[in-house]
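So the structure is just underneath, and the comments pick up after that.
All of the numbers you see were taken from the coordinates with simple rules; none came from a lab. Predicted model only: the values in this text are computed from it and were never measured. Here the Cβ is made from the backbone with ideal geometry for all residues, glycine too, and neighbour counts use every protein chain on show.
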Amino acid sequence: MAALGIALPSAAKPLASYVPVRVDRDTALVSGQLPFEEGELAHIGPVPGSVCPDDAREAARLCAINALAAVAETLGSVDRIAGVIRLGVFVASEPGFGGQPAIANGASDLLFEIFGEPGRHARAAVGVASLPLNASVEIEFTFALHPELHPELHPELHQDP
């Protein structure tokens, strides 16, 4: 990520009663991430009226960076991520707007840049009437984790002969 000029921010704190990341075996499920940048919500409002599609695409990219920050805080490093399984992308959209897939590419393209082929994933990109804090984009993530980096989950891989 350093080669791409990406420094992970501090992970955002939950806005309600949930955990940012839930690990189950070799999977990390990341709760919906908003486009926070330097502690402030970026790109507020529906697309395309309040936020242009290019800025919403940048918002999706910020959501991906924030998801990686949440994983790093929970697991100690993003190096435990083996690949990306799925994204659920929600775009606050005005009626008639259908450009959600292009906006979701802001996150998808970044994850491919970081992880290469393991960064390719399944995805849903949908328009919604509104999002928390009037954000333009919210994204949930499912990451595959390296089983060999989880001795607590796979003791059989880490036994001495």
inquiry  = Just to be sure I understand: with springs between alpha-carbon atoms less than 10 Å apart, which residue in LEU87, LEU15, LEU110 has the highest mean-square fluctuation in the Gaussian network model of the chain?
reply    = LEU15
query = Using alpha carbons only, what's the Rg to Rh ratio of the range 21-148 with Rh from Kirkwood?
reply = 0.98
ask   = What does the helix-only formula give at 222 nm for the chain: each DSSP H stretch with n ≥ 4 adding -39500 (n - 2.57), the total divided by the residues, and the result rounded to the nearest 500 deg cm²/dmol?
value = -8500 deg cm²/dmol
key: ALA82 long-range amide H proximity, modeled H, under 5 Å   = ALA144, LEU145, HIS146
message = Just to check I understand the Karplus step: with θ = phi - 60° and J = 6.51 cos²θ - 1.76 cosθ + 1.60, what whole-Hz values come out for the range 71-82, glycine and proline as x?
response = 5, 4, 5, 6, 9, x, 5, 7, 5, 7, 7, 8
request  = Just need the relative contact order of the range 21-148 here, percent rounded to a whole number, with Cα pairs under 8 Å and 6+ apart.
outcome  = 40
inquiry  = Treating only the Cβ of Lys, Arg, Asp and Glu as charged (+1, +1, -1, -1), what charge dipole size does the chain show about its Cα centre? Round to the nearest 20 debye.
reply    = 340
query = What longest region of the chain stays clear of GluC sites (Glu not before Pro) that DSSP places outside H, G, I, E and B and that have at most 15 other Cβ atoms within 10 Å?
reply = 39-151
